[in-house]
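Enquirer: Let me begin by handing over the structure; questions about it come next.
The values are calculated or read from the model by the stated rules, or taken from the named source; none is laboratory data. All of these numbers come straight from a predicted model, not from anything done at the bench. FYI the Cβ positions are ideal-geometry reconstructions off the backbone, even for glycines, and counts take in every protein chain you see. Surface areas here come from the heavy atoms of the whole protein model, side chains and all, with no ligands, DNA or RNA. Shrake-Rupley method; radii C 1.70, N 1.55, O 1.52, S 1.80 Å.
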Amino acid sequence: MTEITLPRPDDWHLHLRDGAMLAAVLPETARHFARAIVMPNLVPPVVTGAQAAAYRDRILAALPAGMDFTPLMTLYLTEETDPADVAAAAASGLVRAVKLYPAGATTNSASGVRDFEKVRPVLEKMAEIGLPLCVHGEVTTPSVDIFDREAVFIETVLDPIRRATPGLRVVMEHVTTKNGVDYVAAQGPDMGATITTHHLIINRNHILVGGIKPHYYCLPVAKREEHRLALVAAATSGDAHFFLGTDSAPHIDALKEHACGCAGCFTATNTMQLLAHVFEAEGKLDQLAAFASLNGPAFYRLPVNEGTLSLTKSDVPAQWPAKIEGAAGPVTVFDPGFPVYWHVKD
Ligand code: DOR
Ligand code: ZN
């Protein structure tokens, strides 16, 4: 196959930031993706429906004329979140999910949840109205090894929350382990998982062997090769539990190439080309539409996009800018480390 046409894809986990960074990165997503679930971990976080409405307006104001993109807004769950505010924001169609960050788990997660009992009324309201909870699935317990934090989260937090809240619809975001894939695949239709572009491509050796590669550092951190292989198998399986969430997370180079570098890989620009490469290598190009265009809308109970996106393969490697140069500073685009021959057709 040298050409493939999909319903226009969506990104079910994206960081757009704000201000100058938003202006720089939004076109990179809107070029290929019709919609994205927009993460609320701004400073300060997007906690209320009013804050989500204002953020959506800033995103739409930053969208270049002629580009077609719909931001799907999320609320940042805190121990003070008001169930009635969440319900009203969902009923209006503004908010499509609530994001749970365990406090301290990642970038701008200090206002996240410490005591899960405190958010029980919100979770019960969400189960009642069918609003998905997107979870950053890592414990923050200092004694738990960073490579084990996802597996421990599933056992000690995710599964207990789901058992205590029947009907709660949950997306395990950026799943990185075979443990996560196996857990999600064994659940019913109330459970889904996003998989990032970069976790399909790199394992932990790519970060650490031959010198530290700060642009491959993200959270959850990439795991052993056996876990990457489980992610590739899940993404290319067609299983409706799994859909694309790039977790494209821009940080300026000065903060990535730093003594205490920020977590995040920026993949908005080249995700579709990279996915075509990964799916073709598995002999599963026929499942790319399920992963990037169909399974996400089915989980979020939204229509599949009407437009299409076509990719063609040629013997010339695809090119993309090494960096996105915005007023906030340069952001390095994820480098897979191998040539990619799939091109998005204009
Ligand atoms: O690598 C990451 N970057 N993981 C996250 O969970 C947050 C994100 C960010 O906001 O930079
Ligand atoms: Zn994220």
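Enquirer: Full-extension gain between residue 208 and residue 346, please, as 0.36 nm times their residue separation minus the C-alpha to C-alpha distance.
Expert: Full-extension gain reported as 46.0 nm.
Enquirer: Quick one: which residues, 5 or more positions from residue 35 or on another chain, have an amide H under 5 Å from its amide H? H modelled 1.01 Å from N in the peptide plane, none for Pro or chain starts.
Expert: HN-HN under 5 Å from residue 35: 11, 70.
Enquirer: Express the carbon and sulfur contribution to the solvent-accessible surface of the chain as a percent, rounded to the nearest whole number, probe 1.4 angstrom. Mind showing how you got there, number by number?
Expert: Details: 7350 of 13450 Å².
After summing per-atom areas, the C and S share lands at 55 percent.
Enquirer: Kindly provide the pair-distance distribution of the chain built from C-alpha pairs, with 10 Å bins from 0 and whole-percent values in order of increasing distance.
Expert: P(r) for the chain, in whole percents per bin: 6, 27, 38, 24, 5, 0.
Enquirer: Moving on to the next point. Does anything in segment 154-195 have its amide N under 12 Å from the 7 Å Cα→Cβ label point of residue 124, and if so which residues?
Expert: Once the point is set 7 Å along Cα→Cβ of residue 124, 165-166 turn out to lie under 12 Å by backbone N, inside segment 154-195.
Enquirer: Okay, next question. DSSP beta bridges in the chain, what fraction antiparallel, as a percent rounded to 5?
Expert: Percent antiparallel among DSSP bridges in the chain is about 35.
Enquirer: Separation between the residue 226 and residue 298 pseudo-spin-labels, each 7 Å from Cα along Cα→Cβ, expressed in nm?
Expert: Those two pseudo-labels are separated by 3.0 nm.
Enquirer: ³J(HN,Hα) across segment 48-61 via Karplus (A = 6.51, B = -1.76, C = 1.60, θ = phi - 60°), whole Hz, x for Gly/Pro?
Expert: Here the 3J(HN,Hα) series is 10, x, 5, 5, 5, 5, 5, 5, 4, 5, 5, 5, 5, 5 Hz.
Enquirer: Give the shape of segment 297-346 as rounded, prolate or oblate, defined through the alpha-carbon gyration tensor: a ≥ b ≥ c are the square roots of its eigenvalues, a/c under 1.5 means rounded, and otherwise the shape is prolate if a/b is larger than b/c and oblate if not.
Expert: oblate
Enquirer: Any chance you could run the full-extension gain for residue 141 through residue 156? It's 0.36 nm times the residue separation minus the Cα-Cα distance, nm to one decimal.
Expert: The span from residue 141 to residue 156 would gain 4.3 nm if fully extended.
Enquirer: With r defined as the distance between the Cβ atoms of residue 148 and residue 65 and R0 fixed at 35 Å, what FRET efficiency is calculated, to the nearest 0.05?
Expert: Given R0 = 35 Å and the Cβ-Cβ separation, E is 0.15.
Enquirer: If you plug each phi of segment 118-129 into the Karplus form 6.51 cos²θ - 1.76 cosθ + 1.60 with θ = phi - 60°, what whole-Hz ³J(HN,Hα) values come out, in order, with x for Gly and Pro?
Expert: 5, 9, 4, x, 5, 4, 5, 4, 5, 4, 5, 9
Enquirer: Add +1 for every Lys or Arg and -1 for every Asp or Glu among the other residues with Cβ under 14 Å from the Cβ of residue 93, and state the total.
Expert: +4
Enquirer: Okay, moving on. Between residue 308 and residues 5 or more places away or on another chain, which pairs have amide H atoms under 5 Å apart, with H built 1.01 Å from N, and which residues are they?
Expert: 8
Enquirer: What GluC sites (Glu not before Pro) in segment 163-256 are in a loop by DSSP, with at most 14 other Cβ atoms within 10 Å of the Cβ? Please report the intermediate quantities before stating the final value.
Expert: On the way: sites: 173, 225, 226; in loops: 173.
Here no loop site has a sparse enough neighbourhood.
Enquirer: Calculated FRET efficiency, residue 310 and residue 58, Cβ-Cβ r, R0 51 Å, to nearest 0.05?
Expert: The formula returns an efficiency of 0.95 here.
Enquirer: Could you state the orientation-averaged shadow area of the convex hull built on the Cα atoms of segment 1-130, in nm² to one decimal?
Expert: Details: hull surface 38.7 nm².
Result: a mean projected hull area of 9.7 nm².
Enquirer: How much net charge surrounds residue 82 when only the other residues with a Cβ under 14 Å from the Cβ of residue 82 are counted, with Lys and Arg +1 and Asp and Glu -1?
Expert: Working: positive: 118, 120, 125; negative: 79, 80, 85, 124.
Around residue 82, the surrounding residues sum to -1.
Enquirer: Can you give me the accessible area per residue for the chain, using a 1.4 Å probe, in Å²?
Expert: It amounts to 39 Å² per residue over the chain.
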